[in-house]
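The values are calculated or read from the model by the stated rules, or taken from the named source; none is laboratory data. Source: prediction; values computed, not measured. Heads up, the Cβs are rebuilt from the backbone with ideal geometry, glycines too, and the neighbour counts pull from every protein chain shown. Each accessible area value is taken on the protein alone, full model and side chains, heavy atoms only, with ligands, DNA and RNA left out. Shrake-Rupley method; radii C 1.70, N 1.55, O 1.52, S 1.80 Å.
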Amino acid sequence: MSLSLYRKYRPQKFKDVHSQDHIKKVLVSALESGRISHAYLFAGPKGTGKTTVARILAKAFNCQKGKAEPCNKCQSCVEIISGKSLDLIEIDAASNRGIDEVRELREKVKFAPSLGKYKVIIIDECHMLTREAFNALLKTLEEPPAHVIFILATTEAHKVPATILSRCQQFDFKRAKIKEIVQLLSKIAKEEDFKISSEGLNLIASLSDGAFRDAISILDQIKSLNLTQNKEISVKEIRAALGLGKWESVYQLIGYIFQSKQDKSFDLIEELFVQGIDFLNFNQMVVSALRRILLLKMGAQTNFEQEDENLTEIVKKAQAIAPDKILALANLFLESQSQIKTSFILQLPLELAIAKSQLLLGQDILKVTANKETSNISDAAADRKTPYQKATEQNINPVLWEKILNGIKPHNHSLFALLKDAKPVIIEENKLVLAAQFKFHKEKILQHQNRVIIEQTLSQVLGRDLLIDCILLDKEKIKQEEEDMLLSAKDLFGVEEQDE
Ligand SMILES: [Zn+2]
């Protein structure tokens with residue numbers, strides 16, 4: 001089996017580590033002056049080189065040449081590289097998180113190192129250790145044997161107890177910049193003798209989320225397809241290979257939005273869902289397409305992919321739309337980007353963005369009216385009630401509503417977004433009535449699992465059990481109000497259900 005690119009190009013010396021200059025500098029100068037700490041904490045996102053640097057450090061501590069950079073040739077270095085060293089113990093706390101493992105570790109470190117000067121223990125994902133395991137570890141960290149060095153690595157330093165943190169010298173690993181990743185990828189591609197367009201390299205880098213490891217894995221995937229026969233791999237081929245969305249669908253969707261064809265937009269999203277499209281990536285493409293349209297509309301000199309024949313077409317459709325509206329549209333889809341990561345209904349954030357787009361482009365009037373103070377809405381609806389009804393009802397206070405929303409947010413981000421667009425109208429007996437702007441918003445709010453979350457949060461925040469009901473905002477009445485300023489506020493909202 002051939003070595004993966006990631007393993008093949010994994011740095012073996014500090015000077016070869018990509019990025020993280022601030023960390024390399026401190027470690028090398030400490031090694032040169034013989035200042036060795038007995039516990040290090042490497043914190044930072046995945047794939048940024050924490051365990052790579054930990055292994056180089058372990059080699060440097062024990063290298064028989066005794067320099068800051070490990071020689072990678074002496075017996076100690078060679079044993080560590082081949083994974084046979086008895087002086088390097090690596091533990092993955094994600095699968096060995098209990099007290100027994102730490103006790104076993106404490107037994108092992110009692111023995112002197114076999115070849116080098118130190119026994120180095122790397123504990124990866126150390127935040128996963130149980131409380132008991134941390135306590136056992138703390139005892140060793142408080143009085144470490146002179147020949148023992150701990151290197152703890154974690155993606156979530158905030159979960160590591162303060163008592164442990166205070167015993168460690170902490171280093172924060174940063175995400176790599178796109179430029180740095182592109183540089184590394186093009187270097188590897190060159191050495192591996194295959195060609196990728198610079199736009200292709202940029203695409204891979206942007207998909208890797210700042211992690212060298214992920215970027216190299218994607219490169220490996222592309223390489224294994226053997227697309228290249230002395231020709232450059234195009235961004236289109238990379239997209240196809242990785243199952244990413246197609247620009248055609250992106251422009252199709254934007255076209256529907258520009259033409260207010262909401263039903264067709266939703267159908268398209270459904271179709272993409274069935275195809276198993278990566279919505280995170282698709283949404284990103286929508287944002288980037290809107291940016292292109294905006295730049296072209298404003299007459300900027302651009303250098304986009306040649307293959308976008310649809311772009312000219314869509315720019316024509318965008319002629320009647322003001323640049324600030326397109327900017328606002330891009331913002332809507334930027335918002336949905338973060339929601340997709342936490343949404344349990346994958347397509348919901350995109351659907352919400354589409355619905356809001358229609359508001360933005362066609363029905364500004366509704367938006368303006370719906371943005372009025374929550375308290376006014378409650379009052380307006382309450383005014384239609386008889387005095388008896390009013391006496392048995394309780395209006396919802398905007399501060400409490402905010403509290404309820406914040407209580408829902410951690411459970412379900414997309415439900416939170418949905419409710420932010422809805423308005424609490426009134427509490428009738430044991431029921432809280434919400435008003436939604438769209439029929440499908442209303443349907444989602446009333447879905448069983450969403451009702452449960454809302455009702456549980458209501459009970460926690462208000463200290464009483466309430467059921468949820470949802471009505472539609474009455475758009476006709478809102479319009480009428482805009483036309484006739486004398487119309488009293490009490491007609492602002494109707495309770496009858498209406499179709500879109
Ligand atoms: Zn060595």
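The label-point distance for residue 271 and residue 231, in a model that sets each label 7 Å from Cα toward Cβ, rounds to 2.9 nm.
In this structure segment 5-172 gives 49 Å² per residue of accessible area when probed at 1.4 Å with all protein chains present.
Distance from the Cα centroid of segment 54-70 to that of segment 215-286 is 45 Å (rounded to whole angstrom). Taking 0.36 nm per residue of separation and subtracting the current Cα-Cα distance, fully stretching the chain between residue 341 and residue 240 would add 34.1 nm. Residue 468 exposes around 0 Å² of accessible area when a 1.4 Å probe is run over every protein chain in place. Accessible area per residue was computed with a 1.4 Å probe on protein heavy atoms; residue 327 scores about 100 Å². Of the whole protein surface, residue 26 contributes about 70 Å² of accessible area at a 1.4 Å probe radius.
Sorting 48, 312, 155 by accessible area puts them as 312, 155, 48; the probe is 1.4 Å, largest comes first, and only protein heavy atoms count. Could you pull out the pairs from 119/139; 264/356; 236/316; 8/50; 223/317 whose alpha carbons sit more than 27 Å apart here? Check vs 27 Å cut-off fails for 223/317. Measuring nothing but how far apart in sequence close Cα pairs (under 8 Å, 6+ apart) lie, relative to its length, segment 5-172 scores a relative contact order of 30 percent.
Subtracting the Cα-Cα distance of residue 29 and residue 430 from their residue separation scaled by 0.36 nm leaves 137.5 nm.
Between residue 82 and residue 163, the C-beta separation translates, for a Förster distance of 41 Å, into a calculated FRET efficiency of about 0.70. These residues, 335, 143, go from largest to smallest accessible area, 1.4 Å probe, as 143, 335. Ranked by solvent-accessible area (1.4 Å probe, protein heavy atoms only, all chains present), the residues 402, 156 order from largest to smallest as 402, 156.
With each label modelled as a point 7 angstrom along the Cα→C-beta vector, the residue 319-residue 248 pair spans 2.6 nm.
Find how many whole Å separate the alpha carbon centroid of segment 85-135 from the alpha carbon centroid of segment 1-29. Answer, in whole Å: 23. With one equal scatterer per alpha carbon and no solvent term, the Debye-computed log10 I(q)/I(0) for segment 178-242 at 0.17, 0.29 1/Å reads -0.47, -1.51. Site pair residue 446 and residue 172 shows an inter-label distance of 4.9 nm when each label is modelled 7 Å from Cα along Cα→Cβ.
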